[in-house]
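Taking it in order: structure first as structure tokens, then the write-up.
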Amino acid sequence: MTKRIAVLGAQWGDEGKGAIIAQLAENADIVVRAQGGDNAGHTFYTKEGKKVVTNIAPSGICFPNVSNVIGNGCVVNLETLAKNIADYSPELYISDAAHLILDYHRVLDRVREKSRNKGAIGTTQRGIGPVYADKMNRVGIRMGLLKHLERLEQEIRYAVEQKNKEFISYGIEEFIDADKLLEQMRPLFKQFAPCVIDTGVYLHHAVKENKRMLFEGSQAAMLDIDHGTYPAVTSSNTTMGGMLMGTGLGLRAIERGIGVAKAYTTRVGEGIFPTEGEPYQNIKGYKRGEFILTDTEKRDLREGGLSDAIIFRYIREIADEYGATTGRPRRVGWFDMVALKKAVRVNDLDSLAITKLDCLDGIGTLKVCTAYQHSETGQMITDFPSDQQELEGFIPVYELFKGWGSTKGIRDYEQLPKETKKYLGFIAETLNVPISLIKNGCGLEDYILMDGLW
Ligand code: IMP
């Protein structure tokens, strides 16, 4: 029986990992986060109907008997962590080698974003890039210092001095007051100091004891700092390698990798997105609930005559494709097999979990991108290039699929409409990865399980 599972985003994030993670977390002994910070937003509902939102806390916090670990690869905003766990009394361990996010990281995130010559990334403004930069520059402040308060305060004062100097170079006068910052942080240092341990040792023993461990991915393959659509990526390794690095475990620690992908694709922030329906500039101003299909458009949606842009506006509304953390409208596009193929390869995925299948219900014609083709030369690309500039002039090549009526309420794969099975079968066969779970609704019980996950 599988004891150690990683759940990873296989697209550009927001795939609905939260619901799948929650399902697994409930029966786990340990839930581990290995990378990222409070740029993540995992939302799910417990069996009792309670909405749980975690940003930096692992998703096991709301379940009794689950131990929660924030690994060394994470960057920690203690204020967010305190909010995440406020309603619970979880068993929580934080790696002494994880890095602390402080106010100046958030200021730097904002001002560096504005001054980039490579163009804005559209970050979550949580200070993620600056804190990982400090880590790599070897000037970061690690959680282990929570056990040495005097040294911690000295290091923070020095860092504030340095960052305030840096602020001047960006022409801002929003200086950080070290005394105020420390005053605000001291209660948090006190609260979390007892949680700080060498989590590498703790996790190593857990593996030896054959505990059930869930490795909770954040962000997704196409946002990986090395393998994603650089530079419009996050600043950590969001793929399987990052899981090991960010926990201190070795090659054989994780037995199974499940990649989560929506039945279509979304992306937030800037960066390449080959299958999107309309330019990002257009959608920036869209607000939740503003778009309603006319009767003619409803007919065209069913009969297959609607433009991609309008179909995606429709999906954005019914699937609530607005950022959980930031409220930004998400860019929506067709399912992209070229990008997925990369996620499968980089993570060596064992299976896929397909989410939001029901959000494609009632759309007459569906498209799946199988390659990119140069609009002038006809050259084809079937492997997502690591340098996104190589995609200039390329457009998606689509396989068309007949849509279906409704998948809602179905609990057995065989009961799905034949068109749905054809769509999903094509994805699984082409990628050569089985689908182990399908989500077809927001409720906890709205899923089709193809094999036992644990
Ligand atoms: P950062 O991680 O805040 O530096 O943002 C870098 C890029 O990753 C931006 O395009 C963000 O929108 C994106 N990003 C970061 N975290 C998430 C997430 O949890 N879901 C989706 N996109 C994310």
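Cα centroids of segment 143-157 and segment 213-260: 29 Å apart. Counting only protein heavy atoms and a 1.4 Å probe, segment 78-225 has 50 square angstrom of accessible area per residue.
Average accessible surface for segment 388-428: 59 Å² per residue, computed with a 1.4 Å probe over protein heavy atoms with every protein chain in place. Relative protection proxy for 83-92, 168-177, from highest mean packing down: 83-92, 168-177 (other beta-carbon atoms within 10 angstrom).
The residues neighbouring Ile254, those whose beta-carbon lies less than 11 Å from its own, together hold a net charge of +1 under the Lys/Arg +1, Asp/Glu -1 convention.
Segment 1-32 and segment 106-137 have Cα centres separated by 28 Å.
For the pair Met245 and Asp308, the difference between a 0.36 nm per residue extended length and the Cα-Cα distance amounts to 18.7 nm. Distance from the alpha carbon centroid of segment 316-394 to that of segment 169-190 works out to 41 angstrom. To put it simply, the accessible area of segment 100-192 at a 1.4 Å probe is 50 percent carbon and sulfur. With respect to the chain, whose longest principal axis is taken over its alpha-carbon atoms, helix 418-431 is tilted by about 50°.
Taking the 0 to 90 degree range and rounding to the nearest ten, how far is the long axis of helix 199-208 tilted relative to the main principal axis of the chain, both from C-alpha atoms? That works out to roughly 60 degrees.
Students sometimes get this wrong: rank Ile20, Ile395 by accessible area, probe 1.4 Å, all chains present, largest first.
Listed by decreasing accessible area, they come as Ile395, Ile20.
Packing, as the average of other Cβ atoms within 10 Å across residues, places the peptides 429-438, 122-131 in the order 122-131, 429-438, highest first. Backbone N atoms of segment 74-88 closer than 12 Å to the 7 Å Cα→Cβ label point of Lys50 belong to residues 85-88. Available extension along the chain between Ile168 and Ser406 is 79.9 nm, counting 0.36 nm per residue and deducting the alpha carbon span. Taking square-rooted eigenvalues a ≥ b ≥ c of the alpha carbon gyration tensor, is segment 405-454 rounded, prolate or oblate, where a/c under 1.5 means rounded and, failing that, a/b exceeding b/c means prolate? Verdict is oblate for segment 405-454. Potential lengthening of the chain between His205 and Gln184 amounts to 4.0 nm, from the contour at 0.36 nm per residue minus the alpha-carbon distance.
The angle separating the long axis of helix 149-169 from the principal Cα axis of greatest extent in the chain is about 60 degrees. Approximating the spin labels as points 7 Å out from Cα along Cα→Cβ, the Tyr158-to-Tyr413 distance works out to 5.7 nm.
Just add up the charged neighbours of Gly241: K/R +1, D/E -1, any other residue whose Cβ is under 11 Å from the Cβ of Gly241.
Values: positive: none; negative: Asp224, Asp226, Asp348.
Result for the local shell: -3.
Take peptides 280-291, 104-115 and line them up by average Cβ neighbours within 10 Å, highest first, as a rough protection proxy.
104-115, 280-291
Among the listed pairs Lys51/Lys180; Lys47/Lys439; Lys51/Lys135; Lys341/Lys421; Lys51/Lys367, those with a Cα-Cα distance over 28 Å are Lys51/Lys180; Lys51/Lys135; Lys51/Lys367. Of all accessible surface on segment 265-449 at a 1.4 Å probe, what whole percent is carbon and sulfur? Of all accessible area on segment 265-449, carbon and sulfur atoms account for 48 percent. Local charge for Gly129 was computed over the other residues whose Cβ lies under 12 Å away, with Lys and Arg +1 and Asp and Glu -1, and equals +3.
The values are calculated or read from the model by the stated rules, or taken from the named source; none is laboratory data. Only a predicted model underlies this, so the values are computations on that prediction, with no experimental measurement involved. Methodologically, a virtual Cβ is constructed for each residue, glycine included, from the backbone with ideal geometry; neighbour enumeration extends over all protein chains shown. Each accessible area value is taken on the protein alone, full model and side chains, heavy atoms only, with ligands, DNA and RNA left out. Shrake-Rupley method; radii C 1.70, N 1.55, O 1.52, S 1.80 Å.
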